[in-house]
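A.B. asks: Take a look at the following structure, please.
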Amino acid sequence: MNPIKKLVQLQEIEEKKKKEKIFLEEIIKGTDIRLMIKNHQLFKKDCEKKQKDLIVEKKQLDKLEKELKKSEFNREENKERLYSGNIKDSKQLEKLMQKQEDLENEIEGLDTEILKQIDLVEIMEKNMKEEKDKEYSLGVKINKMLSKRNKDKEEKEKNINLLEKEKEVLENEISHENMLLYNEIKNRVNKPLAKLEENMCMGCHMDLPIITVQKIRAKEIVMCSNCGRILYNEEI
Ligand SMILES: [Zn+2]
């Protein structure tokens, strides 16, 4: 293998490693998961609040049902008095009849209120169930993301290690002189090698003199006179 080809391979490995490292950093940062966990916590709080509201409304329903029972009991008691045959005068009769009417109205009002309250509790329970289902799904999703995150992290670390080993092997095959040149250019520009395309350096897009192009074809180590990168063509 000619020396330039090895340098091109080295650059490819380093580029791959760079990309894998960026991916790994993103995974470690975990911005998306953090955001989701935050949302999940807010959602949970919201569910807890709704649960408390539901308890309040259920207690109210309970209270109304107790009131109804009490009124029904009073109505029966009043009725007994009405038909007991112990009524002294028309004034007392009228008083009892009025009380009976009031109690009937009270019971009717309570029945309506209870029905409304039952509807309210039912709607709230339905909403609560939906919210809890959503909260649960979100939790499952987060767990899946977390386990995928660990797998991805391991995979990236493995890839980086493999690339690092590949790089070491390759560096040992490259002459000390070429390694020095490569690293010296790398200190100035991000990619030390540039491809030649249509007599142009693809690193800086400068047209190259024919003598340089010929040297590249002869697989000599030639640098771009403009950006200083080592040039290569696809024939390597
Ligand atoms: Zn150039």
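A.B. asks: Given the structure, is HIS205 more than 16 Å from the ligand (Cβ to nearest atom), loosely packed, with under 12 Cβ neighbours inside 10 Å and farther than 30 Å from GLY30 by Cα?
C.D. replies: Answer is no for this residue.
A.B. asks: Also, I was wondering about something else. Which of the residues spanning region 224-236 are within 11 Å of the ligand (Cβ to nearest atom) and under 49 Å from the mean Cα position of the chain (by Cα)?
C.D. replies: CYS224, ASN226, CYS227, GLY228, ARG229, ILE230, LEU231
A.B. asks: In region 208-229, what residues are free of Cβ contacts under 8 Å to residues at least 24 places away in the same chain and either surrounded by 14 or more Cβ atoms within 10 Å (Cβ to Cβ) or under 17 Å from LEU10 (Cβ atoms) (or both)?
C.D. replies: The answer is LEU208, THR212, VAL213, LYS215, ILE216, VAL222.
A.B. asks: Among the numbered conditions (1) within 26 Å of the chain's Cα centre (by Cα); (2) surrounded by fewer than 11 Cβ atoms within 10 Å (Cβ to Cβ), tell me where GLU80 comes up short.
C.D. replies: The number of the failed condition is (1).
A.B. asks: Any chance you could count how many residues in region 155-194 are loosely packed, with under 15 Cβ neighbours inside 10 Å and in contact with a strand residue (DSSP E or B) (Cβ under 7 Å, 6 or more places away or on another chain)?
C.D. replies: Total meeting the criteria: 0.
A.B. asks: Restricting to region 158-202, count the residues that are closer than 14 Å to GLU12 by Cα, hydrophobic (A, V, I, L, M, F, W, C) and either within 12 Å of the ligand (Cβ to nearest atom) or at pLDDT below 95 (or both).
C.D. replies: The total comes to 2.
A.B. asks: Of these, ILE118, ILE55, which one is within 30 Å of GLY139 (Cβ to Cβ), under 39 Å from the mean Cα position of the chain (by Cα) and at pLDDT 95 or above?
C.D. replies: Only one candidate qualifies: ILE55.
A.B. asks: Let me ask another. I'd like the residue in region 214-223 that is of a type in the set (A, V, I, L, M, F, W, C) and closer than 18 Å to LEU180 by Cβ and, out of all such residues, is nearest to the ligand (Cβ to nearest atom).
C.D. replies: MET223
The values are calculated or read from the model by the stated rules, or taken from the named source; none is laboratory data. In this text, all values refer to a predicted model and were calculated from it rather than measured experimentally. Note: ideal-geometry Cβ built from the backbone for every residue, glycine included; neighbour counts use all protein chains shown.
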